[in-house]
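Read through the structure below, which is laid out as structure tokens, and then see the notes.
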Amino acid sequence: MNDLLTGLNEPQRQAVEHAGSPLLIVAGAGSGKTRVLTHRIAYLLSERGAHPGEILAITFTNKAAAEMRERVDDLIGPRSRAMWVLTFHSACLRILRREAHRLGWKPSFTIYDTDDARRLLTQIVKDLGLDSKKHSPRWLAAEISRLKNELIGPDQAASAADDARAKLVADVYSQYDERLRLAQAVDFDDIIGSTVHLFRAFPEVAKLYRMRFRHVMVDEYQDTNHAQYTLVRELVGTGDDRAELVVVGDADQSIYAFRGATIRNIIEFERDFPDAKTILLEQNYRSTQTILDAANGVIRNNTERGREKRLWSDEGPGGRILGHTGDNEHDEAAWVAARIDELVDASDTSFGDTAIFYRTNAQSRAFEEVFVRRGIPYKVVGGVRFYERKEVRDMLAYLKLTANPDDTVSAMRVVNTPKRGVGDRAVAEVEALAARLKVSFPEALHRADEAAGISGRARPGIKRFCEIIDAATELAKTAPPEEVLDKLIADTGYLDGLEQSKDPQDEGRIENLQELVAVAHEFTEQVVRGTTEEDEADLNADVPSFLEHVALVSDADSIPDPEAQEGGVVTLMTLHTAKGLEFDTVFLTGLDDGLFPHERSMSKPGDMEEERRLAYVGLTRARKHLHLTRAGTRNVFGQPQYYAASRFLAEIPGDLVEWSESAPPPPRVVKSKSPSFGQPIVMRNSGDVPVLDVGDRVTHDKYGLGRVVELKGSGPRAQARIDFGDGEPKWVILRLAPVTKL
């Protein structure tokens, strides 16, 4: 026991030893929360007689789950394998696979990602005869996701619909839900919502899992949405037999409202659980006191914080924060590059321990240009990721069909990829046959002889496609996923087509397919060695397990490993992506009012507080060297535009920052009752005109938030009709209007 408590500060020790009532651990940035959670788990096992199988620890990313599992394994050894240390989606999927029969599902149901869901919605929009410009699949997907995160089903959405738009969304939602079921598929929101439904519809199942998991821990509780909050309540139960609940989080780091996260879950925890105990972790083990004083100075201006805390460190004050105001964004980037070279040459940092944060993805361009010129190695996080590339998605679609023969979206994606003579007319005939027979599209392909309208040219292609899928499905019964992929790549002729191509990009596509096979092989090896996250009952080196593994890979797992190459690479990313990470050297860039805080947040106090939390997250990622940069002017729509200094700079105590200029930027004076602080209207270059779809949410400097309801024209003549909720929708010329797509 002494070993488990050694080195913990007093609040950490209390959190590890606490027993009985629900516990809220308010863990400030860098306060050792992962250490507290892992030591608490080890303490439960060694001192309180808990069995590993009674412990459920929920995180938000695979990376965090893997780190926690590794640390617990170091403390208690292989007994940790019986615990569930998983993401929300992984834990719910494990439950759903085991209980699928109760919901009338096959255990091999498919998981549809964002792209799959949009493809299905595109088909529904087409079948319903809707205008895809007025009712874009992207907008419909966002609306349906919002409803699902609030645990509102299609019937409930229909009964609550009080206008034409809501009725349309409910109709599409109903069709979407029905087609998912027909395809034996779920989307990401379903994974959580269906588990809640399972527990509510089958109390005996809920009781089974409540009796199993006597200790439930939830990390990053401030990021939970309503569905995740409800799931936790269902898992823990009520009354005398409820599980012991521990949640860890920090209201000051709640930055995902746009994904449905609600800060109330952590702020009102003590109201939800009146007998709860709260412990504050305020000692920071990451940053210097100067960096923490800057972060404290910014975040104290928020009113919605729950338990107030003030981060402190005994690491000493450290060096002063460096600030720089560039003449423009290129000067800002050049100063950052020169400073990185200076620190690396002095061995004060490495490329791999350096990060550049910005508010919007578009800001990376100036940094990339100067890094290329100066030879600084870098990686932009958030580009097209491996699993989103066309050739990878195509081959995964083939693989999905071997696991789920009813997967309509996958079959429609690849029935003519590579081309085998199955054109749009043949696909439409098969769709009509599927509707007539009330079967899935893939099953209708197997019964294509019953559709008289299919041309003689298309029939051999359909037959060959079915033969390929059937042969691979048979192989998948006994072979690991890499062998099935190998067969599909060979049988489809996909690789042959790329090898014969004269397009230089196709060489990279061949490498991506080779990498996909390598990923599958690595997965099989992990399963055989017993080093995956799965427990004994879920270990399978098979196609369904591999597909689930791929589906659950998240954005956070694409962060470059500082050890991946000698010296590493500088990481460029948005502030939203930066949460949970830390670097020796951080550059917080673009600190201009209207850019950060973003102009669209300036009319609502709640939105401004979220922006301030985003700044707090950025500041507290730095261990030793923190830099704050901005530009006096920026090239906006082809014209130089003046920006005032970010108001967040004025909230940092002035004596903490050493500016490279003769004087710091003047503090921003914000006039009361002025909702708009955006730039004046300027003429944009045609390449900078925002590309909008009907249904997109936008913000206008003067009129605020709105939704696009109609479009006309293109290029410099493009216009949008936008409903700002204040009467008749307004037409605006996109090249002139201060409109930003959300």
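The values are calculated or read from the model by the stated rules, or taken from the named source; none is laboratory data. Please read all numbers here as calculations on a predicted model, not as lab measurements. Here the Cβ is made from the backbone with ideal geometry for all residues, glycine too, and neighbour counts use every protein chain on show. Surface accessibility is based on the protein's heavy atoms, side chains included, excluding ligands, DNA and RNA. Shrake-Rupley method; radii C 1.70, N 1.55, O 1.52, S 1.80 Å.
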Residue in region 118-131 that is surrounded by fewer than 19 Cβ atoms within 10 Å (Cβ to Cβ), modelled with pLDDT of 95 or more and of a type in the set (Gly, Ala, Ser) present: no
Residues of region 260-279 satisfying the condition of being more than 24 Å from the chain's Cα centre (by Cα) and surrounded by fewer than 18 Cβ atoms within 10 Å (Cβ to Cβ): Glu268, Glu270, Arg271, Asp272, Pro274, Asp275, Ala276, Lys277, Thr278
In region 202-250, residue farthest from Leu614 (Cα to Cα) [restricted to those that are under 28 Å from the mean Cα position of the chain (by Cα) and of a type in the set (Asp, Glu)]: Glu234
Complete set of residues in region 293-323 that are at pLDDT 90 or above, open to solvent by 20 Å² or more (accessible area, probe 1.4 Å) and either within 18 Å of Gln283 (Cβ to Cβ) or within 31 Å of the chain's Cα centre (by Cα) (or both): Asp293, Arg300, Asn301, Thr303, Arg310, Trp312, Asp314, Gly316, Pro317, Gly318
Every residue from region 612-637 that is open to solvent by less than 20 Å² (accessible area, probe 1.4 Å) and either over 28 Å from Glu315 (Cα atoms) or assigned to a strand (DSSP E or B) (or both): Ala622, Leu626, His627, Leu628, Thr629, Arg630, Ala631, Gly632, Val636
One residue from Lys741, Lys712, Lys730 being modelled with pLDDT of 70 or more and within 29 Å of the chain's Cα centre (by Cα): Lys741
The listed residue being touching a residue at least 40 places away in the same chain (Cβ under 8 Å) and surrounded by fewer than 22 Cβ atoms within 10 Å (Cβ to Cβ), out of Glu342, Glu368: Glu368
Residues within region 259-274 that are touching a residue at least 40 places away in the same chain (Cβ under 8 Å) and among the hydrophobic types (A, V, I, L, M, F, W, C), tallied: 4
Condition met for Val216 (under 14 Å from Cys92 (Cβ atoms), open to solvent by less than 10 Å² (accessible area, probe 1.4 Å), in a helix (DSSP H, G or I) and in contact (Cβ under 8 Å) with a residue 40 or more places away in the chain): no
Residue list for region 638-672, restricted to those being over 14 Å from Thr325 (Cα atoms), assigned to a loop (DSSP other than H, G, I, E, B) and at pLDDT below 85: Gly638, Arg668, Val669, Val670, Lys671, Ser672
Check on Thr354, in contact with a strand residue (DSSP E or B) (Cβ under 8 Å, 6 or more places away or on another chain), surrounded by fewer than 19 Cβ atoms within 10 Å (Cβ to Cβ) and of a type outside the set (Lys, Arg): no
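Rundown of residues vs (1) under 19 Å from the mean Cα position of the chain (by Cα); (2) part of a helix (DSSP H, G or I), yes/no style:
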residue	(1), (2)
Leu86	yes, no
Thr122	no, yes
Lys134	no, no
Arg146	yes, yes
Ala158	no, yes
In region 160-182, the residues that are in contact with a Leu (Cβ under 8 Å, 6 or more places away or on another chain) and either of a type outside the set (A, V, I, L, M, F, W, C) or open to solvent by 80 Å² or more (accessible area, probe 1.4 Å) (or both): Asp171, Tyr173, Gln175, Tyr176, Arg179
Residues that are open to solvent by 10 Å² or more (accessible area, probe 1.4 Å), under 19 Å from Val72 (Cβ atoms) and in a loop (DSSP other than H, G, I, E, B), drawn from region 20-61: Gly32, Arg48, Gly49, His51, Phe60, Thr61
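Hey, can you tell me all the residues within region 262-307 that are assigned to a loop (DSSP other than H, G, I, E, B), within 22 Å of Glu609 (Cα to Cα) and not polar (S, T, N, Q)?
Ile263, Glu268, Glu282, Arg300, Glu304, Arg305, Gly306, Arg307
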In region 77-91, residue surrounded by the fewest Cβ atoms within 10 Å (Cβ to Cβ) [restricted to those that are at pLDDT 85 or above and among the small types (Gly, Ala, Ser)]: Ser90
Residues of region 540-556 that turn out to be modelled with pLDDT of 55 or more and either open to solvent by 50 Å² or more (accessible area, probe 1.4 Å) or over 21 Å from the mean Cα position of the chain (by Cα) (or both), as a count: 8
Conditions (1) modelled with pLDDT under 95; (2) open to solvent by less than 10 Å² (accessible area, probe 1.4 Å); (3) within 30 Å of Tyr494 (Cα to Cα); (4) more than 26 Å from the chain's Cα centre (by Cα): number failed by Pro405: (2)
Hits in region 244-261 - residues which are aliphatic (A, V, I, L, M), modelled with pLDDT under 90 and in a helix (DSSP H, G or I): Ala257
Spans of helices (runs of 4 or more DSSP H) in region 409-476 with at least 3 residues open to solvent by 20 Å² or more (accessible area, probe 1.4 Å): 424-437, 458-476
Which listed residue, of Asp74, Asp115, is open to solvent by 10 Å² or more (accessible area, probe 1.4 Å), under 30 Å from His135 (Cβ atoms), of a type in the set (Asp, Glu) and part of a helix (DSSP H, G or I): Asp115
Selection from region 92-108 of residues that are buried (at least 19 other Cβ atoms within 10 Å of the Cβ) and out of contact with any Leu (no Cβ under 8 Å at 6 or more places or on another chain): Ser108
Boolean, Ala397 is hydrophobic (A, V, I, L, M, F, W, C), at pLDDT 90 or above, in a helix (DSSP H, G or I) and open to solvent by 60 Å² or more (accessible area, probe 1.4 Å): no
Qualifying residue in region 493-514 (condition: among the hydroxyl-bearing types (Ser, Thr, Tyr), more than 32 Å from the chain's Cα centre (by Cα) and closer than 15 Å to Val414 by Cβ): no
